[in-house]
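Everything below concerns the one structure shown next.
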Amino acid sequence: MRTRSNETTSPESREGDRQGWAAAMSLVTFAFSLVLIMSAALFATVGVNPKNEVYGWLPWAYAILSLVGSAVFWLVSRHLDGMAR
């Protein structure tokens, strides 16, 4: 059975791990950004043609919040992508 040794890793190896983590998180946050764009489109569609009039302004509020969230996730993704390089 192999056990993890107590030897220290080199700083270059740790930097590579950080870059790999940043690249993976950049992809995840970009995917969340795309999901929020699609949800904004869905809410805007409901706002344009609601099934029930009781929805009122709620779909528009959700669409705007989804777009704001998408922009935030996209900016975080860009920042993490810069860290990965």
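Among the residues of the stretch 37-56, the one identified as among the aromatic types (Phe, Trp, Tyr) and at pLDDT 95 or above is 43.
Within the stretch 29-46, no residue satisfies the criterion of being out of contact with any helix residue (DSSP H, G or I) (no Cβ under 7 Å at 6 or more places or on another chain) and touching a residue at least 40 places away in the same chain (Cβ under 8 Å).
Scanning the stretch 35-45 for residues that are more than 30 Å from residue 85 (Cα to Cα), loosely packed, with under 12 Cβ neighbours inside 10 Å and of a type outside the set (A, V, I, L, M) turns up nothing.
The values are calculated or read from the model by the stated rules, or taken from the named source; none is laboratory data. Predicted model only: the values in this text are computed from it and were never measured. Note: ideal-geometry Cβ built from the backbone for every residue, glycine included; neighbour counts use all protein chains shown.
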